[in-house]
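One structure below.
None of the figures in this text is laboratory data; all of them are computed from the coordinates on show. As the structure is a computational prediction, the values presented were derived from the model and not from experiment. All Cβ positions, even for glycine, are placed from backbone atoms using ideal geometry, and neighbour counts span all protein chains on display.
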2 protein chains.
Amino acid sequence: MGRIAVTDGMAPEAVAKLVESGHQVVEQHYSPLELIDGALSEFDAVVVRSATKITSDVIDASCAQSGNLSFIGRAGVGIDNIDMAAASSNGVIVCNTPGASTRSVVELTMGHLLACARFIPKADRTLRRSEWAKKSLKGSELGGKRLGLVGFGRIAQGVGSMAQSFGMEIHAFDPYISKEIAADLDCILHDNVDGLFKKCTHISIHCNLSEETKHLVNISRISMMPGIGADGIPCGNHIVNCARGGIVHEESVLEALESGILTSAALDVFEVEPAIGNPLLEHEGFHGSPHIGAATLEAQSRVGLEMVNNLLMHFEGDKPASALN
Amino acid sequence: MGRIAVTDGMAPEAVAKLVESGHQVVEQHYSPLELIDGALSEFDAVVVRSATKITSDVIDASCAQSGNLSFIGRAGVGIDNIDMAAASSNGVIVCNTPGASTRSVVELTMGHLLACARFIPKADRTLRRSEWAKKSLKGSELGGKRLGLVGFGRIAQGVGSMAQSFGMEIHAFDPYISKEIAADLDCILHDNVDGLFKKCTHISIHCNLSEETKHLVNISRISMMPGIGADGIPCGNHIVNCARGGIVHEESVLEALESGILTSAALDVFEVEPAIGNPLLEHEGFHGSPHIGAATLEAQSRVGLEMVNNLLMHFEGDKPASALN
């Protein structure tokens, strides 16, 4: 039976399931200093979200001497906060829960797309300050427009399918997806990012942050967007990012909002989080949320149960299905 | 050829089409006094939205003496601002454009449903005042929940179909719709309103305002809502109204938000509009928009073209398809 540290919280039903299976669970947050001092060395496994940073120093400290750490679980998707090379070289398995938050991110993306098209936050904001801004809130429909998806993995495919039910035409750029898979899902796959931006009035980001994707959305590409929908309606240009901060170059977005090239930009993720003091927050065309793509009761419950399955397999000596190394 | 007054605006392409067909179009707003003084008596037709009130006095004045008024067009759906009895007794045809704004209202409803489930306006509002409220913004998914539609006409059916693509189970109350039509659309039809509220965590209003529907959403019915989704998730209760003010009893909504029975209420329409000074506007769980259901470029263009068709048929001596008397 294993000793498991849970440093950033976990759904109660998941913790209960681990305890029922005979494991010991310690729910406690550790400071970076405590981690480097080897706080995890007395555990067999650690489960983190994004708040705990598992650097190579932390891994070395957790495995040195009598350190038993053999499993790092990331309750969520992105593993930017875990040094994979150090984990692998110390023989530590890293797992995430890739499917658990898909539906929540898809729904938030659709919510932001609709909120952008109809200025929902601005509608609420103006009303709260006693303005009846009906005349200045003439929006547009999603139906009849082209949605460009940057990345066409699990989440983007979910967004594409829902957007199709709204009557949108789906385009994507993803060098790792075959034309056949895209065609099966009625999605037009582009050979390059520029082509996607030239075609689509609505762009939504669904890729990882990497050297390849950093600042992929910049002023030059935003300037290529057509502003006029496939149906001839001058709906303006709209960008949504519920993936990772840094893929969208925020200064470009602000410049494009100010010049009117962009009608709206909805960001759930930012280059620096918490995004307090970000100059974007003051623009009327900006729509923000504080990284809540996976912040639903459903996603957190599924994340927990998916992580329990990973842990149980690991302690039984099997390789978990979502092992990343 | 006819002389047509357009008192509350019309899409330019629609005006152009009337002029091309040889009609004379005067775009001008008239005060209530001018209308009662017979300002419309020199016209064959008048096209209004909701701002111009066509009372029986206005109709009498427009038809008296040499008055030629024979057609009142309502560019939109609701005809609360037109005295139908007076129109009929003066032999004046009244037409609206029932289908033109359907898709826009459907999309706004879906936008509000998603915004409620994920607190999108609050997310934006807190960020703008420098709060990173991620922890207090744990939402829920629409997928796996029951959506109750009050009224199951054109708009509700559109909402139902999109909500189904999100994985919602669709329920409705509508005494004028057959069980067969509902069953064909995979919608569970209820015999009474109470049954709908007892079953559904999400309610959306899609009926007309009438004696029958006035204050249909009251504290007693809101208190029947289950708060726990069909999937067992405690998602709370959510109400959206993009139909007409007055169907929802606003004091009940405020009471239910304050007591926590309701998690959110999104209102696009109000008992008194403009809804300035409404105490609901100050509640965190309230989501508002200033009657923008049909406020899209697409809807206004379709409204205009649908009205042109009505007018052209009328002037050719045919009864327009959407004549209401």
For the protein assembly as shown, what's the radius of gyration and Dmax over Cα atoms, in angstrom? 27.9, 105
Chain A, closest residue to the rotation axis toward B, by beta-carbon, whole angstrom: A:Ser165, 2
One decimal, nm, shortest first: give the distances between the label point of B:Ser56 and those of the same position in the other copies, each label point 7 Å from Cα along Cα→Cβ. 8.8
Theoretical ellipticity at 222 nm over the protein assembly as shown - DSSP helices of four or more residues, -39500 (n - 2.57) apiece, nearest 500: -10000 deg cm²/dmol
Return the tail of the calculated pair distribution for the stretch B:102-288, meaning the percent of Cα-Cα pairs more than 22 Å apart. 41
Can you give the convex hull volume per residue for the Cα atoms of the stretch A:37-183, as a whole number of Å³? 156
Name the helices (complete DSSP H segments) of chain A with a Cα length along the long axis of 20 Å or more and a Kyte-Doolittle mean of at least 0.0, or state none. A:102-118, A:297-315
Charge dipole (the stretch B:126-271, unit charges on Cβ, about Cα centre) - positive-most of B:Cys242, B:Gly139, B:His171: B:Gly139
Compute the label-point distances linking B:Met224 to its equivalents in the other copies; points lie 7 Å from Cα along Cα→Cβ; give nm, one decimal, shortest first. 5.6
Could you size up the charge dipole of the stretch B:102-288 around its Cα centre, putting +1 on the beta carbon of Lys and Arg and -1 on that of Asp and Glu, and report it in debye to the nearest 20? 660
Dipole moment magnitude, nearest 20 debye, the stretch A:40-89 about Cα centre, only Lys, Arg, Asp, Glu C-beta charged: 200
Averaged over B:98-111, how many beta carbons belonging to a partner chain fall within 10 Å of each residue's beta carbon? 4
√(5λ) per eigenvalue of the Cα gyration tensor, chain B, largest first, Å: 40, 21, 18
With θ taken as phi - 60° and the coefficients 6.51, -1.76 and 1.60, list the Karplus ³J(HN,Hα) couplings across the stretch B:268-275 in order, rounded to whole Hz; mark glycine and proline as x. 9, 10, 9, 4, 10, 10, x, 8
A:Phe197, A:Phe270 arranged by Cβ crowding within 10 Å, fewest neighbours leading: A:Phe270, A:Phe197
Looking at the stretch A:160-254, which GluC sites (Glu not before Pro) are in a loop (DSSP not H, G, I, E or B) and have at most 14 other Cβ atoms within 10 Å? A:Glu211, A:Glu212
Taking placed amide H atoms and a strict 5 Å upper bound, the residues 5 or more places from B:His287 or on another chain that come that close are B:Ala265, B:Ala266, B:Leu267
Output row for A:Gln24: copy-to-copy label distances, label 7 Å along Cα→C-beta, ascending, in nanometres, one decimal, is 9.5
Rank B:Asn81, B:His29, B:Gly148 by how far each Cα sits towards the positive end of the charge dipole of the stretch B:1-148 (+1 on Lys, Arg Cβ; -1 on Asp, Glu Cβ) and give me just the farthest. B:Gly148
What do you get for Rg/Rh over the stretch B:209-325 if you use C-alpha atoms and the Kirkwood form of Rh? 1.14
Please report the net charge: other residues with Cβ closer than 12 Å to the Cβ of B:Cys187, K and R +1, D and E -1. -3
Which net charge results when you count Lys and Arg as +1 and Asp and Glu as -1 among the other residues whose beta-carbon is under 14 Å from that of A:Gly111? -2
Across peptide A:154-165, what mean number of C-beta atoms from other chains lies inside 10 Å of a residue's C-beta? 1
